[in-house]
Each structure stands twice: as C-alpha cells, then as structure tokens.
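What follows is one structure encoded as structure tokens, with my remarks underneath.
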Amino acid sequence: MDRNKCLKCGLVNLITDETCRRCGASLKGHELVEEVTVEDSVQRRSIGRRLIWIVSSTAALLFVAYMSLLLTSDDLGYERTQTVNRAIALLAEKGFDKQAFVLNRFVRYRGTDNWWNRTIGHHDAYAATNFPFEILTLYPEFFKDAVDDNERAVILLHESYHLFGSGEEAALEAVWREKQRLGWIVDKYGHTKVWNNTRELTQAQVPDLFRCGTDGKSDCIQ
C-alpha cells in the first residue's frame, strides 16, 4: 500500500490522507515538493553537462589549433637547438631562473613561420611568440645578427615576457632595465645590430627611459 510521509513529524500516513494523523500537518504539498526537488536536480545535472561540454569543446579546439601551428612549421634542427640551449643556460646563470625554466620546459621552438605568423606577418623580427600556445619561432636573424650567445639570451629574455602574456612595450622595458645584469652593455655591444634595433624600439615605445642626462635624451638605465 502506498504511504505518505509527513515532512513535519516523519509519520508515514496513508496515501489518501490529507493531514498527518499524528501532528495534523497538511500532506497536500508533498508531491509538489518532490516534483520541485526532482526538477532542480535535473536542472543542475543539465548545467553540469553543459559546462563539461563547453570545457571539452574549448580544450579540443585549442589542441587542434596548437597542432596546426606545429604542423605548418619546421623544427629548428639539432645545431640551432644547441645554440638556443646555450643562450638559455646563460639566462639561468644570470639569475633569470623562471624565464629559463619556461624556455627550457614549456616552449616548442620552430625554425619557420606557421600559418598564423604568415597571416599576420612580421617586420625584421628576430623571433615571434604564439601566446598562449608557448610556440616560439626563431628567424635566421636570431642566429645571424646576434654577435654571440649573450645577445641571443637577450632576445630570448624579451620573448619570455611574451610567453607570460606581456605586450611588446612591457617586454622592451623589462629587457632594457635588466641589460646590465645580463652584461649587455653599450661599451661592449653598442655597435651591434641587435643593440641598435632594441634601443630604437625601446626609445620609441618607452621614451621615459631616455630622458636623463644634461640633454634630457640619455639612457636612464646605465
């Protein structure tokens, strides 16, 4: 026989009872309460499934995009990879542990542009970073124009800030402020193409770093 449990005192009444035989509480709203509870449960499960679907779909799309960037570009090759490793080691020696760790562990290096880089283009760049995929393309100028591994370390330091999500202005300022720590100083590197290009870009985007001296146009980070 069906039973009708009282929500107030817990007594199980007959299904035909409209009030509880013990406490007299109404039993009419029980079915409605049960229906609302079931409906809420179903709604919560539906929202949960939607969230799982959104997260799964987003992850799948990101993976496809990541693989497309890798498949439409080429590896650096052994010799150039060794050059990159030496530059990263220099960053670690100078105390840039976080940057060196990311550059060593999480970055996929490419020697040619992927489809996205080819689409947006670049102008006389030494490298290009695809954030948040942590893909770093190193162009021939990275190996040819940099005079030594220390200058390549400077370029990688710049790109590491992009790997963390920083924009061009922030990356330029951070590298220029840290140049002495890297031993990248004007007396030794002031004649190089990398130095002059970096100074020109930094002066254009972060002019406050070049308003020192009697003329108000000198480098403030000496």
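The values are calculated or read from the model by the stated rules, or taken from the named source; none is laboratory data. No experiment lies behind these values; they were computed from the predicted model shown. Here Cβ is always computed from backbone atoms with ideal geometry, including for glycine, and neighbour counts include all displayed protein chains.
What to note about this one:
- Flag if E169 is modelled with pLDDT of 95 or more, outside any loop (DSSP other than H, G, I, E, B), buried (at least 16 other Cβ atoms within 10 Å of the Cβ) and not aromatic (F, W, Y): no
- Qualifying residue in the range 28-51 (condition: in contact with a strand residue (DSSP E or B) (Cβ under 8 Å, 6 or more places away or on another chain), part of a loop (DSSP other than H, G, I, E, B) and either among the basic types (K, R) or modelled with pLDDT of 90 or more (or both)): no
- Any hit, the range 187-198, residues being surrounded by 15 or more Cβ atoms within 10 Å (Cβ to Cβ), modelled with pLDDT of 95 or more and more than 17 Å from E141 (Cβ to Cβ): no
- The range 121-145: number of residues that are surrounded by 16 or more Cβ atoms within 10 Å (Cβ to Cβ) and charged (D, E, K, R): 3
- Of all residues making up the range 172-215, the number that are of a type in the set (G, A, S) and outside any helix (DSSP H, G or I): 3
- Only one entry in Q82, Q99 is in a helix (DSSP H, G or I), assigned by TED's automatic domain parsing to the domain that holds H162 and free of Cβ contacts under 8 Å to residues at least 12 places away in the same chain, namely Q82.
- Sole residue being buried (at least 16 other Cβ atoms within 10 Å of the Cβ) and out of contact with any Lys or Arg (no Cβ under 6 Å at 6 or more places or on another chain), chosen from R108, R177, R118: R108
- Residues that are surrounded by fewer than 16 Cβ atoms within 10 Å (Cβ to Cβ) and out of contact with any Cys (no Cβ under 9 Å at 6 or more places or on another chain) within the range 206-220 comprise P207, T214, D215, G216, K217, listed in sequence order.
- Flag if N117 is assigned to a helix (DSSP H, G or I), over 27 Å from D219 (Cβ atoms) and touching a strand residue (DSSP E or B) at 6+ places or on another chain (Cβ under 6 Å): yes
- Filtered residues of the range 133-166 (kept if of a type in the set (D, E), assigned to a loop (DSSP other than H, G, I, E, B) and within 22 Å of L62 (Cα to Cα)): E134
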